[in-house]
Every structure is written in structure tokens, then in C-alpha cells.
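Taking it in order: structure first as C-alpha cells, then the write-up.
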Amino acid sequence: MTVTIKDFYADWCGPCKTQDPILEELEEDYGDSVTFEKIDVDENEDVANEYQVRSIPTVVVEDDDGVVERFVGVTQRDQLEDALEKAGA
């Protein structure tokens with residue numbers, strides 16, 4: 001089972017900078033079992049459109065079956081951990 005967190009962000013996005021340390025902590029704890037991807041929406045519009053990202057930060061938690069949960073806006077660690085557990089991380 002592959003679990004992935006996709007972090008949709010932009011360099012000019014203030015709330016994205018608030019989200020970064022939360023995701024960095026998670027990556028330290030879950031890095032062995034979860035793949036973390038940072039996706040710059042300005043450079044990867046096609047991926048952002050595919051995931052229907054309309055505002056950032058958007059964090060998408062996926063497993064082999066697809067999207068488990070998506071969060072729009074700054075998301076706290078405990079919410080992300082709940083989603084990771086649902087995804088089987």
C-alpha cells in the first residue's frame with residue numbers, strides 16, 4: 001500500500017509557509033511509510049487542475065485507490081494524522 005501526501009503550494013502564498021513546518025514534522029515521523037510531494041501550482045498547473053485545486057494550500061492524502069481526504073487551507077497535524085491512518089500509513 002502506497003500512501004502519498006501531495007502539498008499544493010506557491011512561493012507567494014503566506015498560509016503555505018504556515019503549512020510547511022507541519023508537513024516537515026510529519027515527514028520526519030512518517031517518511032519511511034509515506035511519500036511527500038510538494039507541488040508548485042504555478043509550475044504544475046496541469047497537476048493542480050487534475051486535482052481541482054482552487055485555493056492553496058491544499059493537501060491531498062492518497063492511497064492506492066485514490067484520494068482518501070483533501071484539506072484546503074492550513075491544516076493541523078492531528079487532522080493530517082487521522083487521514084494518514086485512514087489511508088493505512
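Bear in mind that the values in this text are calculations on the coordinates, not laboratory data. These numbers were taken from a predicted model, which means no experiment stands behind them. Neighbour counts run over all protein chains shown; Cβ positions are idealised from the backbone, glycine included.
When you have a sec, figure out the Kirkwood radius of the chain from all distinct Cα pair distances and drop it here in Å to one decimal?
It works out to 12.9 Å.
What is the gain in length, in nm to one decimal, between LYS38 and ALA10 on full extension, counting 0.36 nm per residue of separation less the C-alpha to C-alpha distance?
This chain segment gains 9.1 nm when fully extended.
Output the 0 to 90 degree angle, nearest 10, between the alpha-carbon long axis of helix 77-87 and the longest principal axis computed from the alpha carbons of the chain.
60 degrees
Calculate the FRET efficiency for ASP29 and ASN49 from the Cβ-Cβ distance with a Förster distance of 22 Å, rounded to the nearest 0.05.
It comes out at approximately 0.10.
May I ask you to give the average projected area over all directions of the convex hull of the Cα atoms of segment 31-82, in nm² rounded to one decimal?
For the Cα atoms of segment 31-82, the hull's average projected area reads 4.1 nm².
Quick one: helix 14-30 against the long Cα principal axis of the chain, what's the angle to the nearest 10°, folded into 0 to 90?
20 degrees
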